[in-house]
1. Enter the accessible area per residue of region 157-198 (Å², integer; probe 1.4 Å; all protein chains in place).
2. For the pairs 99/282; 64/130; 99/268; 151/397; 268/330; 130/172, flag any whose C-alpha to C-alpha distance is greater than 23 Å.
3. As an exercise, find the ratio Rg/Rh for region 124-211 from alpha-carbon atoms, using the Kirkwood inverse-distance average for Rh.
4. Taking only protein heavy atoms and a 1.4 Å probe, what accessible area per residue, in Å², does region 213-268 have with all protein chains in place?
5. Report the FRET efficiency, 1/(1 + (r/R0)^6), for residue 316 and residue 39, where r is their Cβ-Cβ distance and R0 is 56 Å, rounded to 0.05.
6. Filter the trypsin sites (Lys or Arg not before Pro) in region 174-269 down to the DSSP loop ones having no more than 11 other Cβ atoms within 10 Å, then list what survives.
7. Under the rule a/c < 1.5 gives rounded, and otherwise a/b versus b/c splits prolate from oblate, where does region 268-380 land using the Cα gyration tensor?
8. Given a 1.4 angstrom probe, I'd like the percentage of the accessible area of region 174-322 that is carbon and sulfur, rounded to a whole number.
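The values are calculated or read from the model by the stated rules, or taken from the named source; none is laboratory data. Because the structure is a prediction, the values reported are computed rather than measured. Reconstructed Cβ throughout: ideal geometry from the backbone, glycine too, with neighbour counts over all protein chains shown. For the accessible areas, the whole protein counts, side chains as well, though only heavy atoms, and no ligand, DNA or RNA atoms are used. Shrake-Rupley method; radii C 1.70, N 1.55, O 1.52, S 1.80 Å.
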Amino acid sequence: MTPEKEFRKGGSRLAGSTASPSPQKPRKKRTSRQKAMLVVYVVVTVLAALVVLGFVLSRLLFVKPSISLDGGRPELSEGDGTGGDLDTQTPGVYGSGRKEDFFTFLVIGRDTGGGGNTDTLMLASYDVPKQKLSVMSIPRDTMVNVSWDIKKINSVYNVYGGGDRGIDALDKEISQLVGFVPDFQVVVEWDAVGELVDATGGVWFEVPRNMNYDDPTQDLHIHIDAGYQLLDGEDAMGVIRYRHDNDRRYGYADGDLGRIKTQQAFLKAVVEQCLQIKNVTKIQQLAEVFNKNVTTNLTIQNLLWFGQQAIFGGLEMENVNFVTMPCTNKSVWSREYGNMQSYVVPNTNELVDLVNEYFNPYLEDLSSRELDIMYVNADGTIGSSTGRLEDTTHNAKWLARQSQSSATPPPAESEGPVEETTTPVETAPVETESPEASDVPSPSPSEGGGESAVPPLETPAETAVPSAPPSETPAVTPGPSPVPVTESPDGPPEGIPIL
């Protein structure tokens, strides 16, 4: 065998080998177009992955709240159509569906330093497709159809013990004022406002007047000058709580309605501050404030969904609307205090128009016949548009007191819910007329129907009280001369029968 034929293992790599190495295939160079396409492919793949991840996270973090149809709108009970209790019915009763993505809220502000009464009540609606947020303040002195002596709506939550039972009771009263049960409830301790202001770095606000008030029992000290200024949390709390100075000679001319106007203006400034993009970075601080001071049937994911809709959906301040329930000042005798208490009663037609324009979540308009509106007669007795009062003793005791304290017979009755078309006249508050909210006592078992301090929510209202006391009504010991009642109701508004 010739040397050229002799091969060993790996012979091609042996020195002197005549075998040639295997040639390697040269790499094909990518063109500029191919390189660009590769970059685009990588970017698209990454973006697709981020979109999928974002979608998954958004489904977990931003959850649209579901609306329960178990509540709905109150309706007069079946009968002759002129009276009766208000029962909660489902929307199907009306054949009217809901507006798309239209949500309603009852915001309840509790002042823990002032006894925990719900001195701030606001009905809110958020129309997501139209990006409109509307808020209506309901005055704390609004008269409602309850069995106890002090019939102010701010007492309802505490009388029923707060918590879920208090919320249910408030829902009932609100539904009888506005014609529907709010979808969600948010109970806010007022301290949250101050902490929220601090978390956002303060709020610029035009303080409408000098404010000076001291209450050592609540450790409350308000000393703020009028004018445009940056408010921290403590000053913000002072602004929204102030109503008058200690001697009451300086304060809002229209009392609590004046305070409501200031609260609305301030809350609007807070909303504007929170909608600023810079505060998105403070979401953790805001969430901590929320968790500490707010009780609600909304989840955090629901709230994040609303925040997402507002910030990225384009909610503008010109579409944030604050209003106050149309109402008229009235005075009603209190058997507990033996003096006249100040109230406000709704102006029915104006209220119905306002609710239908901004707050009604249903396609069908609200009717005044669906409401339970309290009113005050010219002789000082009270009535309800349903024809029935839950307090079965008030009118009889008031008329008996009147007949024994004066030989002059009371003026003729002019029944019907009060319907005013003008705003309340601004007058200085009467010092002896109304105690602070925290001083209002819980009803005793002897009040109302005489059975229980806290009647069950489902208990039907009692039969209407006659215009004159029954013959067996016991004599009432005369007290101080009553404050004369000068209101002259104009009669029932259109759509409400004279009962």
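1. Value returned for region 157-198: 29 Å² of accessible area per residue.
2. 99/282; 99/268; 268/330; 130/172, as the Cα separations exceed 23 Å there.
3. Taking Rh as the inverse mean 1/r over Cα pairs, Rg/Rh reads 1.03.
4. Here the per-residue accessible area is 48 Å².
5. According to the calculation, E is roughly 0.90.
6. 249
7. prolate
8. 51
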